[in-house]
Structure formats: structure tokens, C-alpha cells
1. Using the alpha carbon gyration tensor of the chain, what are the three equivalent-ellipsoid semi-axes (square root of 5 times each eigenvalue), largest first, in whole Å?
2. Around GLN12, what is the net charge, scoring Lys/Arg as +1 and Asp/Glu as -1 over all other residues with Cβ under 15 Å from its Cβ?
3. Go through region 35-50 residue by residue and turn each phi into a ³J(HN,Hα) via Karplus (6.51, -1.76, 1.60, θ = phi - 60°); whole Hz please, and just put x for glycine and proline.
4. To the nearest 500 deg cm²/dmol, what mean residue ellipticity at 222 nm is calculated for the chain from DSSP H runs of n ≥ 4 alone, each contributing -39,500 (n - 2.57), summed and divided by the residues?
5. Can you tell me which of SER46, SER34, SER19 moves the most in a GNM of the chain? Springs connect C-alpha atoms under 10 Å apart.
6. Please get the size of the charge dipole for region 2-93, origin at its Cα centre, with Cβ charges of +1 on Lys and Arg and -1 on Asp and Glu, quoted in debye to the nearest 20.
7. Using the basic label-point model (7 angstrom from Cα toward the beta carbon), what is the TYR55 to ALA67 distance in nanometres?
8. I want the local charge near ALA79. Using Cβ-Cβ distances under 15 Å, sum +1 for each Lys or Arg and -1 for each Asp or Glu among the other residues.
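Nothing in this text is a laboratory measurement; each read-out follows from the coordinates by a stated rule. What you see is a predicted model; the values in this text were computed from it and never measured. Counting neighbours? That spans all protein chains shown, and the Cβs are built from the backbone with ideal geometry, glycine included.
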Amino acid sequence: MRSASSARLIAQRVFLLYSPVTALVLQQVVRSPSLATLLVYALVMSQTWALVFLYDGLVRDRQLLSAEVAREYGALALAMTTLTRQIAKSSRRS
């Protein structure tokens, strides 16, 4: 699990440094470097960072929710199995 999280972290950092929008802005910087294009680049980087940060939080929340639902479902399935066995035993005795 550790390698998966480190791979995800590396992918996030690469995406932050060189996203598709960043590539377009860097092309403009190379063509005509100016303060305005550098400011646009900084704005794009900050927006991309915010987007990645918020999406990562959403993914973690969904993972926690899925784990909780699976745990509740497992507990319910166990209770239903136990109840079914008890009913089957009591019907055999009658």
C-alpha cells in the first residue's frame, strides 16, 4: 500500500508541475516572456494545486465511506446468517 500512495504522490507532483494547461502557458512564456504570462502561470499553478488538493480529499472521503458501508454490510450479513441458522434449528426441533 505504501508504494501505491508514493506513486500517487509522485503523479500528483508531476501533474502540478506540468499539467496540460501549464504546457499551454509555458508555450506562451517561451514565445513572448512577460510579467503577465508569468502571473498567469502562477495563477494556473495555484488553481491546479487547489484542484488536486480538493480532489484528493474527495477520494479519501469516498474510500472511508466505502469501507464503512462494507463493514456495516458485513455485520448485517453475519446477523442475517446467524438468525437464519437459529430459525432453521428451531424449526427442526418442532
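1. Semi-axes from the Cα gyration tensor: 57, 11, 8 Å.
2. Summing Lys and Arg as +1 and Asp and Glu as -1 gives +2.
3. Per residue, the Karplus-derived 3J(HN,Hα) values read 5, 5, 5, 5, 5, 5, 4, 5, 5, 5, 4, 5, 5, 5, 4, 4 Hz.
4. So the calculated ellipticity at 222 nm is -33500 deg cm²/dmol.
5. SER34
6. In total the dipole reaches around 680 debye.
7. So the label points at TYR55 and ALA67 sit 2.2 nm apart.
8. Local charge sum for ALA79: +1.
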